[in-house]
Amino acid sequence: MAHDRLSPLDSSFLHAEDSVSHMHIGSVGVFEGPPPPFEELRSMLEGKLALVPRYRQVVRFVPLDLGRPVWVDDDHFSIDYHLRHTALPAPGDDDKLRALVSRVMSQPLDRSRPLWEIWMAEGAADGRWALIAKTHHALVDGVSGTELLAVIMDLSPEATPAPEDHWSPRPAPGAARLAAEAVVDLARSPYEQLRAVRHATRMPRLALHQAGDVLRGLSSYAGVVRPTPVSSLNGPLGPHRRYAWARTSVDEIKRVRKSLGGTFNDVVLAAISRGFRDLLLSRGESVDRVLRTLVPVSVRGRDDSGKAVGDSTLANKVSAMFAELPVGVADPVERLHAITAQMEGLKESKEAIAGEALTSLSGFAPPMLLALGMRLATRVAQRNVNTVTTNVPGPQFPLYVLGRRMVEAYPYVPLAGQVRIGVAIFSYDGSVTFGITGDRDATGDLDVLSSGIERGMDELHSRCR
């Protein structure tokens, strides 16, 4: 049986990684105390591994880049390598926890092992403790990451019984077998694409409609080609990171939406715009400019409310839109309305659909060219995108580990290319948190951005009727 091959998008996250751009996403879960014994946590996590097979698999590259990498079982798997134990210096506080997260996330994952780590950190503020999780983006995107979070945690204080686990690793394939499988897949690929085209021609109206959506989206990408003004937000990255966070609530965002208009995401982007406005002004830079952000968009299925839902595959299913944050607008309500109008236009332009189509088309490219292209793209000096803002809806109910409730959850987003700051937004059990990643050498003032985001929410809330 052939091994699972990474998708073109999943492969791109591996090829984008280098000595200063570590492509893992992550989260920080803060739990009520007291912390459980470490051995109990180890036993619990080990019992859940049967539910997430990828956690015991490694990436193997195909000789000569004849095909995309594949997932193979790790015949030397040891949970003790992946589950780590540490403690904050007493007395613990949020600053020390954020410093620990910065250090943990600054280190790349070992590609010779399964691409994940979980750190148990004791000694957080108020007698609490934390789990710091990092997972390579090639393994899981934000929405499926939420699924994974629910799998390894419990939905009530009573622990869920672990399934029976009869796992034993499949023999690791040799280089010759990997090359042979890649050649077979390459031979099959044109047939599969032709079959898809034949299927589409059976439904010409649908095919034409989809093609029109893609073409409209591609035309909107033309504006991204224009570079933005020079800013300290872009530049070479170092290998180390800073981490900060900001907080608000689902109820506060909903009240702003109801009173002032816009979507949940519009309100979030308006608050982030205020944060970047404060940061640029504090650095003596003009806000009379374009500040462009890449906004990842899930292209997974949607529920009745329009929210992206997971499908248990753990594969990446994301596209992107490019928005311009109105940092030059001082009034908070005008700022929100400017974002709402812009996002409606981007949705009409079908930009995300075009991005997904381009990602899918990369499957046609020889894997060697895909690899070289991604490596080149992350090294070319460019100012087309200033930051990344990604919003992932999490579970709106409490999660537990060994009977301890998770009271706070903060996301982590990686940096790459010339982008020195990224913002991830995560909603959990009524709270909304902003996890802010910065290049350590260039963002000693990251707290200006985090406090500006909170002020942005406060000023919007104060204008509600």
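The values are calculated or read from the model by the stated rules, or taken from the named source; none is laboratory data. Just so it is clear, the structure is predicted and the values come from calculations on it, not from any experiment. When we count neighbours, we look across all protein chains shown, and the Cβ atoms used for this are built from the backbone with ideal geometry, even at glycine.
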Exercise. Among 59, 101, which is the only one that is touching a Phe, Trp or Tyr at 6+ places or on another chain (Cβ under 7 Å), in contact (Cβ under 8 Å) with a residue 12 or more places away in the chain and within 12 Å of residue 132 (Cβ to Cβ)?
Worked result: 101
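The rows are residues; the columns are (1) surrounded by fewer than 19 Cβ atoms within 10 Å (Cβ to Cβ); (2) at pLDDT below 85.
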residue: 369; (1), (2): yes, yes
residue: 397; (1), (2): yes, no
residue: 418; (1), (2): no, no
residue: 426; (1), (2): no, no
residue: 463; (1), (2): yes, no
Problem set entry | Inter-residue pairs, beta-carbon under 7 Å, first in contact (Cβ under 8 Å) with a residue 24 or more places away in the chain and in the range 246-270, second crowded, with 20+ Cβ neighbours inside 10 Å and among the basic types (Lys, Arg), 6+ apart | 270/335
Problem set entry | Enumeration of residues in the range 397-422 that are closer than 24 Å to residue 125 by Cα and either of a type in the set (S, T, N, Q) or outside any loop (DSSP other than H, G, I, E, B) (or both) | 400, 401, 404, 405, 406, 407, 408, 409, 410, 411, 412
Problem set entry | Filter pass, residue 241 being within 24 Å of the chain's Cα centre (by Cα), modelled with pLDDT of 90 or more and under 18 Å from residue 450 (Cα atoms) | yes
Exercise. Hey, does the range 127-147 have a residue that's touching a Pro at 6+ places or on another chain (Cβ under 8 Å), more than 15 Å from residue 406 (Cβ to Cβ), modelled with pLDDT under 80 and among the small types (Gly, Ala, Ser)?
Worked result: yes
For this session: Name every residue in the range 56-101 that is farther than 30 Å from residue 127 by Cα, within 25 Å of the chain's Cα centre (by Cα) and in a helix (DSSP H, G or I), in order of residue number.
Result: 56
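Working only within the range 379-395, note down all residues that are in a loop (DSSP other than H, G, I, E, B), in contact with a Lys or Arg (Cβ under 6 Å, 6 or more places away or on another chain) and modelled with pLDDT under 90. Write out each step before concluding.
Of all residues in the range 379-395, those in a loop (DSSP other than H, G, I, E, B) come to 379-386, 394-395.
Of the ones still in play, those that are also in contact with a Lys or Arg (Cβ under 6 Å, 6 or more places away or on another chain) are 385-386.
The answer is 385, and nothing else.
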Problem set entry | All positions within the range 23-55 that are over 15 Å from residue 159 (Cβ atoms), in contact with a Phe, Trp or Tyr (Cβ under 7 Å, 6 or more places away or on another chain) and not in a helix (DSSP H, G or I) | 23, 25, 26, 27, 28, 33, 35
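If you take the residues of the range 253-266 that are under 24 Å from the mean Cα position of the chain (by Cα) and not polar (S, T, N, Q), which of them is surrounded by the fewest Cβ atoms within 10 Å (Cβ to Cβ)?
Quick first cut of the range 253-266, residues under 24 Å from the mean Cα position of the chain (by Cα) only: 253-254, 262-266.
Those still in the list that are not polar (S, T, N, Q) too: 253-254, 262, 264, 266.
Details: 253: 23, 254: 12, 262: 22, 264: 18, 266: 25.
Out of the qualifying residues, it is 254.
Does residue 119 satisfy the criteria of being under 23 Å from residue 439 (Cβ atoms) and in a strand (DSSP E or B)?
Values: under 23 Å from residue 439 (Cβ atoms): yes; in a strand (DSSP E or B): yes.
Criteria met by residue 119.
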Problem set entry | Single condition residue 106 does not satisfy, out of (1) modelled with pLDDT under 95; (2) closer than 24 Å to residue 16 by Cβ | (1)
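Step by step: first the residues of the range 252-299, then only those that are in a helix (DSSP H, G or I) and within 20 Å of residue 384 (Cβ to Cβ), then the one that is modelled with the lowest pLDDT. Which residue is that? Give the steps one after another, and end with the answer.
Narrowing the range 252-299 to residues in a helix (DSSP H, G or I): 252-260, 264-282.
Now restrict to residues that are within 20 Å of residue 384 (Cβ to Cβ): 269, 272-273, 276, 279-280.
Numbers: 269: 93, 272: 96, 273: 97, 276: 98, 279: 98, 280: 98.
Among those residues, the one meeting the criterion is 269.
To keep it simple, each residue is scored yes or no on (1) buried (at least 16 other Cβ atoms within 10 Å of the Cβ); (2) at pLDDT below 95.
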residue: 81; (1), (2): no, no
residue: 87; (1), (2): no, no
residue: 116; (1), (2): yes, yes
residue: 121; (1), (2): yes, no
residue: 152; (1), (2): yes, yes
Problem set entry | Inter-residue pairs, beta-carbon under 8 Å, first farther than 30 Å from residue 68 by Cβ and assigned to a loop (DSSP other than H, G, I, E, B) and in the range 133-161, second among the β-branched types (Val, Ile, Thr) and at pLDDT 80 or above, 6+ apart | 153/401
Exercise. Out of all the residues in the range 18-60, which are touching a strand residue (DSSP E or B) at 6+ places or on another chain (Cβ under 8 Å) and under 23 Å from residue 425 (Cα atoms)?
Worked result: 23, 24, 25, 26, 27, 28, 29, 30, 31, 32
Problem set entry | Which numbered condition residue 404 misses (of (1) of a type in the set (D, E, K, R); (2) in contact with a strand residue (DSSP E or B) (Cβ under 8 Å, 6 or more places away or on another chain); (3) under 30 Å from residue 386 (Cα atoms)) | (3)
